[in-house]
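The values are calculated or read from the model by the stated rules, or taken from the named source; none is laboratory data. From a predicted model like this one, the values you see are computed outputs, not experimental measurements. For neighbour counting, all protein chains shown are included, and Cβ atoms are generated from backbone atoms with ideal geometry for every residue, glycine included.
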Amino acid sequence: MIDFNGQPADLSVYEPTRRRVREFLASELARGSFKPWQVTWTTFDREFSRRAGAAGFIGMTWPREYGGQEASALERYVVVEEMLAAGAPCGAHWIADRQSGPQILKHGSERARREILPRIARGECAFGIGMSEPDSGSDLAAVRTRADKVDGGWVINGTKVWTTNAHQVDYLITLVRTAPAGERKHEGLTQMITPTNVRGITVRPILDLSGHHEFNEVHFEDYFVPDDMLVGEPGSGWAMVTAELAYERSGPDRYLSAWQLLAALVDRIGPQPDRHQSVQVGRLVAHAMALRRMSTVIAGMLDRGANPQVEAALVKHAGTGFEREIPEIARLLVERAGGSGDAAATRFDEALRQVTLTAPSFTLRGGTREILRGVIARGLGLR
Ligand SMILES: Cc1cc2nc3c(=O)[nH]c(=O)nc-3n(C[C@H](O)[C@H](O)[C@H](O)COP(=O)(O)OP(=O)(O)OC[C@H]3O[C@@H](n4cnc5c(N)ncnc54)[C@H](O)[C@@H]3O)c2cc1C
């Protein structure tokens, strides 16, 4: 059963944290360190991440001995929500904070925890995700990159693709096949921590629709990984990849990617919208509020130890659809407003251009809509 009737998480107790993040972001904006309409989770700015780390906004739920603050997941939710809504350039810590760090904390060796986690929390260590391959995206269990056991570790050979920021990060967590698939094709997969600055790894750029270099193809050739850089036991890769999904799919990152465009649209239309503009903006804002409520209900469920995978898939499906709709609606509404050339118009034009070029990816990254529909249908007992 899908249940969104529970109480949303109570975030009001974290108002002081919310104020602190807003002050931090206001001072970053004042020093001109970012443009709010950039793509927030992939815009890579090591200096911004260092300052965010120094302010205590990275790895905040982790134990103090590994550089964390021992804050609650809900307090982190507030920080993430503010960062994304502001359009902050989180790319140099996003993946490490959201998924690589928590995986290393839970399943990594003590050496990996001690060497890597404090550096992530300081905003000094960036991670990428090495899952997709040329013939394996939605069907991740089909990965062919393999690692063979050798004395003291493993040797990887194979190719990954669509690896965001692989040319800038310090490490990837790479999903490889360490044993043939058993009765189920999900068996025999393992995740490994793979530094990008050692022998045996070559990163080649893939330019996206806007001519930007964020994606890469990554080749591993006789690349050595010591035993203590595995994440979990050999063969545990699939369980680990899927266990993180409820967190990854239900957060504010799944409906706030175009938030700055919506804000710019409201400013661009100005205080006297016509009826059509009022209806359309009202509808978008109502959807945003409904999504936020669904997302905070899930945050509350996660906080109570539940595993709401189907609800999370629904939020990602609805949230990324909403994000994609914003540029389409904005484009049509502003034609009606006519051009003016002032600051609000310039901000709107830049935000619209940026979001229009990146919006097609919103419904692909982290699992396509078709795959999510399969998860939801299974959760409803329909397949
Ligand atoms: C912006 C962006 C960033 C990304 N970053 C990374 C990254 O850092 N690391 C990484 O490893 N990957 C990354 N990816 C890759 C992403 O995870 C894959 O693109 C995605 O999983 C889809 O895989 P695919 O491209 O191989 O498409 P395919 O799996 O070939 O799918 C093609 C089409 O077929 C549909 N389809 C596939 N299987 C089914 C099915 N069973 N039922 C119904 N329809 C189906 C899909 O929905 C899709 O429309 C990124 C992608 C994007 C867009």
Next item on the list: Tell me which of these Asp170 doesn't satisfy, since it passes every other one: (1) within 16 Å of the ligand (Cβ to nearest atom); (2) modelled with pLDDT under 95.
Entry: (2)
Item checked: Ala71 vs. criteria surrounded by fewer than 20 Cβ atoms within 10 Å (Cβ to Cβ) and either hydrophobic (A, V, I, L, M, F, W, C) or touching a residue at least 60 places away in the same chain (Cβ under 8 Å) (or both) -> yes
Checklist line | Scan of segment 240-262 for residues that are surrounded by 14 or more Cβ atoms within 10 Å (Cβ to Cβ) and either free of Cβ contacts under 8 Å to residues at least 12 places away in the same chain or polar (S, T, N, Q) (or both), ordered by number | finding: Ala243, Ser250, Ser257, Gln260
Next item on the list: For residues that are more than 17 Å from Val198 (Cα to Cα) and more than 11 Å from the ligand (Cβ to nearest atom), scanning just segment 126-144, find the one that is surrounded by the most Cβ atoms within 10 Å (Cβ to Cβ).
Entry: Ala141
Checklist line | Only one of Phe215, Phe220 that is closer than 30 Å to Leu357 by Cα, aromatic (Phe, Trp, Tyr) and assigned by TED's automatic domain parsing to the domain that holds His167 | finding: Phe215
Item checked: Extreme residue, farthest from Leu364 (Cα to Cα), among residues of segment 315-330 that are hydrophobic (A, V, I, L, M, F, W, C) and crowded, with 22+ Cβ neighbours inside 10 Å -> Ala330
Notebook entry, point to check: Which residue pairs have Cβ atoms closer than 8 Å, lie 6 or more positions apart in sequence or on different chains, and pair a first residue in segment 333-355 that is among the basic types (Lys, Arg) with a second residue that is modelled with pLDDT under 85?
Noted result: Arg347/Trp37
Check: Among the helices (runs of 4 or more DSSP H) confined wholly to segment 295-383, which include 2 or more residues that are charged (D, E, K, R) and away from the ligand (no atom under 14 Å from the Cβ)?
Finding: 309-337, 343-362
Next item on the list: From the list Gly158, Gly128, pick out the single residue that is modelled with pLDDT of 95 or more and within 14 Å of Val225 (Cβ to Cβ).
Entry: Gly158
Next item on the list: Identify all residues within segment 29-66 that are within 16 Å of the ligand (Cβ to nearest atom) and without any contact (Cβ under 8 Å) to a residue 60 or more places away in the chain; write none if there are none.
Entry: Thr43
Margin query: Looking only at segment 146-163, count every residue that is within 12 Å of the ligand (Cβ to nearest atom) and crowded, with 21+ Cβ neighbours inside 10 Å and tell me the total.
Written below: 3
Check: Considering segment 91-100 alone, what residues qualify as being of a type in the set (A, V, I, L, M, F, W, C) and outside any loop (DSSP other than H, G, I, E, B)?
Finding: Trp94, Ile95, Ala96
